[in-house]
Amino acid sequence: QVHVVESGGGLVQPGGSLTLSCVASGNIVRILRMGWYRQAPGKQREVVARVTPGGIAEYAEFVQGRFTISRDKANNTVTLQMNSLIVEDTGVYYCNTYPSNNAWWGQGTQVTVSS
């Protein structure tokens, strides 16, 4: 059984920054591609960024240059550093493998960007 716990969300003004963390049980962070996803109100969940076991990262166009994904295999942690946040970044952020596994969705962490 894999458990994923996301944290670090909150309320931030436009232009601000947040750092999200995801801790996953088992060895999935070490051996599988991991991704951060988000679901905005009224929209489908979408992938924001993903990282390979070797640390190669890819980003959705709408966060390119603003977000950075990284992984810490020793601590089974995946981090999403979010800078220059905009209102459209508001949503619930989730961590999962990439492609995602429906059995491993956590509760997510709410990010609200508002002035």
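Tabulated results
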{"item": "Selection count, the stretch 58-104, where residues are in contact with a Phe, Trp or Tyr (Cβ under 6 Å, 6 or more places away or on another chain) and part of a loop (DSSP other than H, G, I, E, B)", "result": "0"}
{"item": "Residue count, the stretch 18-32 (criterion: out of contact with any Lys or Arg (no Cβ under 7 Å at 6 or more places or on another chain) and either open to solvent by less than 50 Å² (accessible area, probe 1.4 Å) or in a loop (DSSP other than H, G, I, E, B) (or both))", "result": "10"}
{"item": "Set 55, 35: member being modelled with pLDDT under 95, open to solvent by less than 70 Å² (accessible area, probe 1.4 Å) and not hydroxyl-bearing (Ser, Thr, Tyr)", "result": "55"}
{"item": "Filtered residues of the stretch 91-104 (kept if of a type outside the set (Gly, Ala, Ser), touching a Lys or Arg at 6+ places or on another chain (Cβ under 9 Å) and surrounded by fewer than 21 Cβ atoms within 10 Å (Cβ to Cβ))", "result": "92, 97, 98, 99"}
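The values are calculated or read from the model by the stated rules, or taken from the named source; none is laboratory data. A quick note: this is a predicted structure, and the numbers were derived from the prediction, not measured. Don't worry about glycine lacking a Cβ; one is built from the backbone with ideal geometry, like all the others, and counts go over all protein chains shown. Side chains included, ligands, DNA and RNA excluded: accessible areas come from the protein's heavy atoms. Shrake-Rupley method; radii C 1.70, N 1.55, O 1.52, S 1.80 Å.
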